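What follows is a single structure, written as structure tokens, with notes after it.
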Amino acid sequence: MSAPAIERLPAVLARRIALAAQGFADPRPSTGVGIRQLRRLVDRLAVVQIDSVNVLSRSHYLPAFSRLGSYPRAALDDLTARRHAVFEYWAHEASFLPVRLQPHLRWRMAAAEEHAWGNMVRLQRERPGFVAEVRERVRTEGPLKAGGLLEGKRERSGEMWDWHAGKVALEWLFFTGEVTATHRTTSFEKVYDLTERVLPAAVLQAPTPDPADAVRELVRTASQALGVATERDLRDYFRLRPEAARTAIAELTAAGELLPVEVTGWGAPAWLDPEARRPRWIRARALLSPFDSLVWERPRVERIFGFRYRLEIYTPAAKRVHGYYVLPFLLGDQLVARADLKADRKAGVLRVQAVHGEEGIDRPIVARALAEELRLMADWLELDDVTVSGAGDLAADLAHASAAVRVDVGA
């Protein structure tokens, strides 16, 4: 019996499928956004990356704003810190994930010596008694911040983010799943406690899957979140190792849970989620965090959108092309511009430090849409105004459009 014909997808349809899978085919709610919508979004994305940069907003707050519009950030905190419907772990990077995935990451916890960073592994090997002491302190004193273990002269590790030994021990215990984060403080410091005191009993009591079964579930989840994806896309979502991911993809394909496709212009085999939506159009308008799951894998962004995107935070200021904290702007089904944004909380201003448009855009239309989105973002961040500097080829158009938007909203 011959294999079924491989479907050929036009690139524009693949792009719309990917956007729909990421939550951009649905209109933003017309009424207040609360726990229910946020829970559904986290379930859909499966991975919400965490990052400490706060020049605009902590990154994990931005994906919900991009898709749902203005919402109370305290509701997302409630989902993670009080309800514990979401837990923190290393997935794509440091991430929030729905708790249903915790059993499917236990193989990574059990194999911490293979997956964790060198200073964590070395501390566990060289000072197992110290790690045990830290665990006991969490048991008897928890919840506990790493600062509570810093006593006397700071002992520098020389690696990672220059963590002191107590922090390294806590992160080893975090990686192995013995402790987890109860919440993050307002200064973004992680608060640790024993996992059995934090996660829901139903999650803790769930059986631990065989590693191959767990990886298969992670690939399945990645496929649903991506819609259509290459092998690299699928394994990158949870940072899976190539051999394990390839095996899972082959097994899911054989079972009909992934459909092999060819996407025009992609130049690589791809797989389609059989349940993926195929919208005829996308009417999205969104500013995207650099760590948003739609854009975090730069080769995929270039392949799908023809949009070359690089994070320039660690590039010397004189060598930056587009700015320090640059957010791509999605309009319809295209990435049409990029804006370097800063929340000046003291002045109460959302500062557009530079803004660049993509080649071939309708500049007045893009500028007006971006101005409206920036006004919405400023209101969400509780900032009074939006200011546009003269940097970037779209700055003059945006400044003109922003003035019109201020008049429209009565500012």
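Points to keep in mind about this one:
- For the stretch 255-283 versus the stretch 205-233, the gap between their alpha-carbon centres in whole angstrom: 17 Å
- By the rule of a C-alpha distance below 17 Å, with chain neighbours fewer than 8 residues away ignored, the lysines paired with K190 are K145, K167.
- The stretch 310-407 - percent relative contact order, Cα under 8 Å, separation 6 or more: 23 percent
- Per residue convex hull volume, Cα atoms of the stretch 310-407, in Å³: 105 Å³
- Distance between the pseudo-spin-label points of A250 and A201 (7 Å out from Cα toward the beta carbon): 4.3 nm.
- Residues of the stretch 331-363 falling in the label zone of R406, defined by backbone nitrogen less than 19 Å from a point 7 Å along Cα to beta-carbon, are 340-355.
- Modelled spin labels at I365 and W281, positioned 7 Å past Cα toward Cβ, are 1.0 nm from each other.
- Kyte-Doolittle mean at least -0.5, axial Cα span of 20 Å or more - DSSP H helices of the chain: 211-226, 363-380
- Solvent-accessible area per residue for the stretch 310-407 (1.4 angstrom probe, square angstrom): 46 Å²
- Around the Cα centre of the stretch 330-411, unit charges on the Cβ atoms of Lys, Arg, Asp and Glu (plus for the first two, minus for the last two) sum to a dipole of about 300 debye.
- Relative contact order (%) - the chain, alpha-carbon pairs under 8 angstrom, separation at least six: 17 percent
- Net charge of the neighbourhood of M109, taken over other residues with C-beta under 15 Å away and scored Lys/Arg +1, Asp/Glu -1, is -3.
- The chain: C-alpha pair distances exceeding 26 Å, %: 58 percent
- Neighbour net charge for H322 - beta-carbon separation under 9 angstrom, K R +1, D E -1: +1
- Measuring nothing but protein heavy atoms, the accessible surface of the stretch 310-407 at 1.4 Å probe radius is 53 percent carbon and sulfur.
- Separation between Cα centres of the stretch 333-411 and the stretch 14-52, rounded to whole Å: 23 Å
- Dipole of the chain computed with +1 at Lys/Arg Cβ and -1 at Asp/Glu Cβ about the Cα centre; of V355, T80, G148, farthest Cα towards the positive end is V355.
- Hits among lysines - C-alpha to C-alpha of K319 under 29 Å, sequence gap 8 or more where chains match: K342, K346
- Cβ charges +1 (Lys, Arg) and -1 (Asp, Glu), total dipole of the chain, debye: 320 debye
The values are calculated or read from the model by the stated rules, or taken from the named source; none is laboratory data. From a predicted model like this one, the values you see are computed outputs, not experimental measurements. Every residue, glycine among them, receives a Cβ derived from its backbone with ideal geometry; neighbour counts consider all protein chains shown. Ligands, DNA and RNA are excluded from the accessible area calculation, which covers all protein heavy atoms including side chains. Shrake-Rupley method; radii C 1.70, N 1.55, O 1.52, S 1.80 Å.
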